[in-house]
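Reviewing the structure listed below.
FYI, it's all coordinate maths here, none of it is from the lab. Keep in mind the model is a prediction, meaning the values are calculated, not measured. Every residue, glycine as well, gets a Cβ built from its backbone with ideal geometry; the counts of neighbours run over all protein chains shown.
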Amino acid sequence: MHIRSELIGWGHYLPKKVVTNDDLSKIVDTNDEWISTRTGIKTRHIVEDELTSDLAYNAAKMALDRAGLSAEDLDLIIVSSVTPDNTTPSVATKIAGRLGVKVGTPAFDILAACSGFVYGLVQADNMIRLGQVKTALVIGAESLSKIVDWTDRNTCVLFGDGAGAAVLRACEGDGSKNDKGILATKIYADGTHYDYLKTNGGVSSTKTAGFVSMDGKEVFKFAIPALTQGAEVVAEMAGYKVSEIDWLIPHQANIRIISNVGEKLGLPEEKVIVAVDHHGNTSAASIPLALSENLESGKIKKGDLVILTAMGAGFTWGGAIIRL
Ligand code: UT7
């Protein structure tokens, strides 16, 4: 008997307010043509009076509903975010309190920026496979609009707010590549690139959260091989060729990066999920948002073989291969 983590629920939530490229052109010196051609982004959702925990909570409720579970069934809550409500405690403990999980259920946040959801999946999958927990809720949630400098056209056009969630549950497999659930994961970091994508402040340095600053070209250059590696390595670990998968869900930062990674992996365009056009870059929320939206619409189906691949500040990167 081989324990695997099966994805049994998915959820997402976007704040109501939609901001178009034309809206942004009224705030900074930009235009729809530049944003569309350089990034593929058309619209993004921006929070008004909601907090990151509100976005996370709504995504979690949907994921529990799709899983047919109640909060009491959860043994673990992990939230990935760079935009928590408070510096401490974690968003995960706030969600635990709001959902009404059993007292004692472990809950913690992970900070791995845009790779955060994949990092969270790895932790949950490992704890499930070790038999420490049976059912886990993993959320990626961000209010990036709160750490964006709305006078900086280099960054403010790129990001959006939202949350995505997944419920994982222990299931039995035979250990073969035909099992359902998470088949392989891999995460990486290279701290020598710390300065290329960061906030220009933080609690111990400036006592403020700071605003996002980025050397876009350096991030772009690193992102393509990192996202490609994240996909290739997990496919190989699971015993698959990348060409055998049904869907690739890459981190949604820039359509040019996404297309390039798809090409490098030899995947036809139709197999590469794109959500950056209507979400922008939602960091830790980007992959679970795209996953949930496409499961909900029926485009991605139970039984499909999916690779998630992410890259973000740190730099961090990694992937997961899942049979849904
Ligand atoms: O989430 C983690 C992963 N993040 C990423 O993967 C982001 C990676 N980087 C990128 O996606 C791209 O580098 C950007 C979209 C950020 C920038 O695209 P680029 O093609 O690298 O543009 P650039 O930074 O070289 O800027 C080109 C020009 C500059 O003008 P000059 O110096 O050539 O006159 C910028 O000032 O475009 C200008 N520019 C803009 N123009 C209109 C920069 N932002 C804007 C803007 N509107 N919003």
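So which lysines pass the test for Lys42, namely a Cα distance under 26 Å, with those fewer than 8 places away in the same chain ruled out? Lys42 reaches Lys16, Lys17, Lys26, Lys146, Lys198, Lys217, Lys221, Lys264, Lys271, Lys299. With q set to 0.16 Å⁻¹, the log10 of I(q)/I(0) for the stretch 1-139, from the Debye formula over equal scatterers at the Cα positions, is -0.87. For Arg4, neighbours were defined as the other residues whose beta-carbon sits under 13 Å from its Cβ, and their charges (Lys and Arg +1, Asp and Glu -1) total +1. Looking at the stretch 124-281 alone, DSSP beta bridges between its own residues are antiparallel in about 85 percent of cases. Estimated from the Cβ-Cβ distance and a Förster radius of 22 angstrom, the FRET efficiency linking Asp65 and Lys146 is about 0.20. The alpha carbons of the stretch 213-259 occupy a box of 38, 17, 13 Å along the principal axes, longest dimension given first.
An oblate overall shape is assigned to the stretch 243-314, the ratio a/c of its alpha-carbon gyration tensor axes (a ≥ b ≥ c) being 1.5 or greater and a/b not exceeding b/c.
If you wrap the tightest convex hull around every Cα atom of the stretch 1-60 and split its volume per residue, you get 133 Å³.
For the stretch 5-114, applying the loop criterion from DSSP together with a ceiling of 10 other beta carbons within 10 Å to the GluC sites (Glu not before Pro) yields Glu48. Pairs of Cα atoms nearer than 8 Å and 6+ residues apart set the relative contact order; for the chain it is 26 percent. Here the stretch 125-188 is treated as a sphere whose radius is the Kirkwood value from Cα pairs; by Stokes-Einstein at 25 °C and 0.890 mPa s it diffuses with a coefficient of 163 µm²/s.
Taking 14 Å as the cut-off, no amide N atom of the stretch 107-124 comes nearer than this to a point 7 Å along the Cα-to-beta-carbon line of Asp304.
A simple spin-label model places pseudo-atoms 7 Å from Cα toward Cβ; at Ser204 and Asp190 they are separated by 2.4 nm. Using the average count of surrounding beta-carbon atoms within 10 Å as a protection proxy, the listed peptides 85-92, 222-229, 190-197 rank, highest first, as 222-229, 85-92, 190-197.
Of all stretches in the chain that contain no trypsin sites (Lys or Arg not before Pro) in a DSSP loop with at most 13 other Cβ atoms within 10 Å, the longest one is 103-206. A quarter of the convex hull surface defined by the alpha-carbon atoms of the stretch 94-229 gives 11.0 nm² as the mean projection.
FRET efficiency for the Asp277 to Asn86 pair, using the beta carbon distance and R₀ = 25 Å, is estimated at 0.15.
In the chain, inverting the average of 1/r over every pair of distinct C-alpha atoms gives 19.3 Å as the Kirkwood radius. Rounded if a/c is under 1.5, else prolate if a/b is larger than b/c, else oblate: which is the stretch 86-144, with a ≥ b ≥ c the root eigenvalues of its Cα gyration tensor? Here the stretch 86-144 falls in the oblate category. Looking at the chain alone, DSSP beta bridges between its own residues are antiparallel in about 75 percent of cases. For the stretch 1-141, the share of DSSP beta bridges that are antiparallel, to the nearest 5, is 25%. Amide H to amide H, which residues 5 or more places from Gly9 or on other chains are under 5 Å from it, using H placed in the peptide plane? For Gly9, the qualifying residues are Val167.
Please give the direction-averaged projected area of the C-alpha convex hull for the stretch 187-265, in square nanometres with one decimal.
On the way: hull surface 25.6 nm².
Orientation-averaged projected area of the Cα hull: 6.4 nm².
Max-minus-min Cα coordinates of the stretch 66-110 on each principal axis give 31, 22, 15 Å, with the largest extent listed first. All C-alpha to C-alpha distances of the stretch 197-324, sorted into 10 Å bins beginning at zero, yield P(r) values of 13, 43, 29, 11, 3 percent in whole numbers. The radius of gyration of the Cα set in the stretch 63-164, together with its Dmax, comes out at 15.0, 49 angstrom.
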